[in-house]
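Quick notes on the structure that follows.
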Amino acid sequence: MFEEERRKELVEYINRHQRASVQELSEHFQVSESTIRRDLRFLEEEKLLKRTHGGAIALEHVAFEPTFMEKETKFLPEKQAIAQKACELIREGDTILLDSGTTTLQLAKKLKAFSRLTVVTNSLVIAKEFQEHSTIDVHLLGGTLRKETLALVGPFAEQILGMINVDKVFIATNGLDIHEGLTTPNVLEAKTKRNMIKAGKEVILLTDHSKAGKVSFAKFADLEEIDQCIIDHGASDELVRQMQKMGINVHIVGGSL
């Protein structure tokens, strides 16, 4: 098989299977692993796939992002349980930063039980949750509106984040992978998330199990940058063990309240 033909079939193979390891591709195409790695580098430069630790994943898989409304009802009981646990980590008088996301929205709904909080967010939906709650101070970041996530991102948001310090950051993610860390489909949103992490004394990841093992287009953090993670019982034991080895305090919650 000629090189050009192999690379074409390699892209088709990964698109069909969504992801594949170097070893798997080497065995399938009967070439050396060094040849596969060279092919993957070339194909990534051509924007036909994305390399990962030990392999590659389909580009349409990492770039696709459902809208906020499409994600809002998926795994809702799990998200509500995660939000309930997150409330236990918050104290009256705390200053917290809520990243835009459907799980952080569930947390925002439960924060109305508090009488004294300062909430910073880049989410229009989350800010609206507090419009009639007079004892919670809400600060909405400026920036460019991403219609897919209803989040404010970009230089204006980053500038404000560089000026503040909060007690706790509750961060959301599209992908959670031991090797690739935390990822999201949009580069601007990834950069804003990175600045959110820098603004907090403590960073707490809120994610349901469906994000585990997924890698999206833009990385915004290594897992070691996370202090705590709240995830539902659908997460694998191996993932939990690996995160705990990294020093992350992992809280596992039930699938329903």
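The values are calculated or read from the model by the stated rules, or taken from the named source; none is laboratory data. Worth saying up front: this structure is predicted, and the values here are computed from it rather than measured. In this analysis, Cβ positions are derived from the backbone assuming ideal geometry, glycine residues included, and neighbour counts consider all displayed protein chains.
All but one of (1) over 10 Å from the mean Cα position of the chain (by Cα); (2) surrounded by 20 or more Cβ atoms within 10 Å (Cβ to Cβ); (3) among the aliphatic types (A, V, I, L, M) hold for Val187, so report the exception by its number.
(2)
So, in segment 27-56, how many residues would count as being in contact with a Ser or Thr (Cβ under 8 Å, 6 or more places away or on another chain) and surrounded by fewer than 17 Cβ atoms within 10 Å (Cβ to Cβ)?
Counting residues in segment 27-56 that are in contact with a Ser or Thr (Cβ under 8 Å, 6 or more places away or on another chain) and surrounded by fewer than 17 Cβ atoms within 10 Å (Cβ to Cβ) gives 4.
Considering only residues that are assigned to a helix (DSSP H, G or I) and within 18 Å of Glu180 (Cβ to Cβ), look in segment 26-52 and name the one that is farthest from the chain's Cα centre (by Cα).
Arg37
Could you tell me which residue of segment 69-102 is surrounded by the most Cβ atoms within 10 Å (Cβ to Cβ), considering only residues that are β-branched (Val, Ile, Thr) and modelled with pLDDT of 95 or more?
Ile82
Of the conditions (1) touching a Gly at 6+ places or on another chain (Cβ under 8 Å); (2) outside any strand (DSSP E or B); (3) surrounded by 19 or more Cβ atoms within 10 Å (Cβ to Cβ), Leu206 satisfies every one except a single condition; which number is it?
Failing condition for Leu206: (2).
Can you tell me which residues in segment 4-25 are among the basic types (Lys, Arg) and either in contact with a strand residue (DSSP E or B) (Cβ under 7 Å, 6 or more places away or on another chain) or in a loop (DSSP other than H, G, I, E, B) (or both)? I'd like the intermediate steps shown before the answer.
We begin by selecting, within segment 4-25, every residue among the basic types (Lys, Arg); these are 6-8, 16, 19.
Once the filter is applied, which keeps residues that are among the basic types (Lys, Arg) and either in contact with a strand residue (DSSP E or B) (Cβ under 7 Å, 6 or more places away or on another chain) or in a loop (DSSP other than H, G, I, E, B) (or both), segment 4-25 yields only Arg19.
For Ala235, state whether it is in contact (Cβ under 8 Å) with a residue 40 or more places away in the chain, surrounded by 18 or more Cβ atoms within 10 Å (Cβ to Cβ) and in the same structural domain as Asp167 (by TED's automatic domain parsing). Before the answer, list the steps.
Details: in contact (Cβ under 8 Å) with a residue 40 or more places away in the chain: no; surrounded by 18 or more Cβ atoms within 10 Å (Cβ to Cβ): yes; in the same structural domain as Asp167 (by TED's automatic domain parsing): yes.
The answer is no for Ala235.
Do you know which residues across segment 126-144 are hydrophobic (A, V, I, L, M, F, W, C), surrounded by fewer than 19 Cβ atoms within 10 Å (Cβ to Cβ) and modelled with pLDDT of 95 or more?
Passing the criteria: Val138, Leu140.
I'd like to verify a number: residues in segment 195-212 that are basic (Lys, Arg) and modelled with pLDDT under 95, how many?
Summing the residues that are basic (Lys, Arg) and modelled with pLDDT under 95 in segment 195-212 gives 1.
Going residue by residue through segment 57-68, is there one that turns out to be part of a helix (DSSP H, G or I), loosely packed, with under 15 Cβ neighbours inside 10 Å and modelled with pLDDT of 95 or more?
no
Looking at segment 174-194 only, could you name the residues that are of a type in the set (Val, Ile, Thr), under 14 Å from Ser216 (Cβ atoms) and either in a helix (DSSP H, G or I) or at pLDDT 95 or above (or both)?
Correct list: Val187 only.
As an exercise: evaluate Phe170 against (1) assigned to a strand (DSSP E or B); (2) surrounded by fewer than 19 Cβ atoms within 10 Å (Cβ to Cβ) and give the number of the one condition it does not meet.
Tallying (1) assigned to a strand (DSSP E or B); (2) surrounded by fewer than 19 Cβ atoms within 10 Å (Cβ to Cβ), Phe170 fails exactly one: (2).
Confirm whether Thr149 is at pLDDT 95 or above, at negative phi, among the β-branched types (Val, Ile, Thr) and crowded, with 16+ Cβ neighbours inside 10 Å.
Judged against the criteria, Thr149 is not a match.
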